[in-house]
Every structure is written in C-alpha cells, then in structure tokens.
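Chemist: Structure in structure tokens, see below.
The values are calculated or read from the model by the stated rules, or taken from the named source; none is laboratory data. These figures come from a predicted structure and were not determined experimentally. A quick note on method: Cβ atoms are made from the backbone with ideal geometry, for glycine too, and the neighbour counts reach across all protein chains shown. Side chains are part of the model used for accessible areas, which takes the heavy atoms of the whole protein and leaves out ligands, DNA and RNA. Shrake-Rupley method; radii C 1.70, N 1.55, O 1.52, S 1.80 Å.
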Amino acid sequence: MPFQSGLDLILYFKTIIRQSELDSDSHYIKCKSLQVCIFCLHLLFNSWYTFLHLKFSIIIPVYNRPQEIEELLESLTKQDFSDSFEVLVVEDGSTEKSENIVETYKNQLDLKYFFKENSGAGDSRNFGMQQATGNYFIILDSDVIVPKQYVTEVAKALKENYTDAFGGPDAAHESFTSLQKAINYSMTAVLTTG
C-alpha cells in the first residue's frame, strides 16, 4: 500500500490496531506493541515535520463584512514571507458580499473566493480547510489586520517547535481608541476567554 505521507502510515497502523482489538483479545499484546511502535513513528514524523516545507493556507470566513475583509487582504499583501501562501475567503451566506473586493486582490495574492449558504463561522472554516491545498491552516477572522512579519513568524515558530495547532490573544492595533482597546481586551484576553 503506497503512503503519501508519514501521517498516512500512522493512520494505517491505527486502523490495524482498531481492527486487531475488535478481532480478538489474543491480539492484545501484539496491539500494545504496535501502539508503542506507532508512538515512536509519531515522534519520528513529528520531528520530520520540522523539516517539512510548510505550505500555508489562510482561511477567512466572512459574513457581511466587506470593509473588514479589504483591510485584512491589504495587510496580507504586505507580508515579508518569502514563500507563497494561499488565501481562501469563505463567504458565509452574506447579503453584503465581499466578492468584488476579493477580486481586486487576485493579482496580488494566491486568492480563492467561495460563497456558501449561511451555516456559521465554524462550518465555514471547515469548508475552507476542505478546499485548501496547503498542509498547514491559519484561520483568521475577517476583522484582523496582520503585521507584515506575521506569516514569517508563524513559519519560524513552527520550524523551532512544530505543533499541530496554536493560538493566542489578539493584539489591539495601534490606531485603536481606548474604547476599542478595552473591547478588544475583553474579547480576547486569557483572563476573559479562559
């Protein structure tokens, strides 16, 4: 059976374990040995990922926010990241569509636009991941403005210490008023969001 990645191999071994556990208790010891083997493979491939060329897919669900998406796309055009990355804008059933604004950035970004029936931000993120061609997903809200070194810093952090997922609080933009900064803090700080 050909494997396209180390993760395919791990998933194959996990399938064997599940099947062995279902078949008979006599395979129990063999399965536990295989689980240890899979754990070692996982560690090996996790290390391997640090050397993997990451292809980022930036996924942005948007609902009735064409002005916000414009600011975000503009900030993405200014990234100092040397490799390419794709941007997927998933319009979640908006009545105020962003398609025309997205179209203006297609010559500056590897940009894809999708319109789907309204089903919420989570489902739109999942839809974006299904359409993405990258091997690492960055999910941004439509009201974000990223600093020019954002993608470079993400890549650097992942090369130093690869992780399947990460996140953290937003930082208020320097142009925010005191009220906007207070709202931003109340919505994104660890103390208020857990």
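Chemist: With +1 assigned to the C-beta of every Lys and Arg and -1 to the C-beta of every Asp and Glu, and no other charges, what is the dipole magnitude of the stretch 65-150 about the Cα centre in debye, to the nearest 20? Numbers along the way, then the final one.
Modeler: On the way: 8 positive and 17 negative charges, 37 e Å.
For the stretch 65-150, the charge dipole is close to 180 debye.
Chemist: Tell me, what is the 1.4 Å probe accessible area of Lys97, in Å² to the nearest 10?
Modeler: 110
Chemist: So how exposed is Tyr150, as accessible area in Å² (1.4 Å probe, rounded to 10)?
Modeler: Estimated to the nearest 10 Å², Tyr150 gives 60 Å².
Chemist: Now a separate question. Expressed as a rounded percentage, what relative contact order does the stretch 76-147 have, with Cα pairs under 8 Å and six or more residues apart?
Modeler: Numbers: 67 pairs, mean separation 26.9, N = 72.
Across the stretch 76-147, relative contact order equals 37 percent.
Chemist: Another question about this same structure. Kindly write out, for the stretch 141-146 in residue order, the coupling ³J(HN,Hα) from the Karplus curve 6.51 cos²θ - 1.76 cosθ + 1.60 (θ = phi - 60°), rounded to whole Hz, with x marking Gly and Pro.
Modeler: Going residue by residue, I get 6, 5, 8, 8, 10, 8 Hz, with x marking Gly and Pro.
Chemist: Counting only protein chains, not ligands or nucleic acids, how are Thr95, Thr104, Thr152 ordered by accessible area (probe 1.4 Å), most first? Please list the in-between numbers first.
Modeler: Details: Thr95 120, Thr104 90, Thr152 45 Å².
Putting Thr95, Thr104, Thr152 in descending order of accessible area: Thr95, Thr104, Thr152.
Chemist: Sticking with this structure for a sec: Got a sec? What order do Ile101, Ile59 fall in by accessible area at 1.4 Å, biggest, i.e. largest, first?
Modeler: Greatest to least solvent exposure: Ile101, Ile59.
Chemist: How many lysine pairs are close in the stretch 98-175, with Cα atoms under 26 Å apart and the two 8 or more places apart or on different chains?
Modeler: On the way: Lys106/Lys116; Lys106/Lys148; Lys112/Lys148; Lys112/Lys156; Lys148/Lys156; Lys148/Lys159.
The result is 6.
Chemist: Using a 1.4 angstrom probe and counting only protein chains, how large is the accessible area of Leu111 in Å², to 10?
Modeler: The accessible area of Leu111 comes to roughly 20 Å².
Chemist: What is the set of long-range amide H partners of Asn118 at a cut-off below 5 Å, with H atoms built 1.01 Å from backbone N?
Modeler: Gly93
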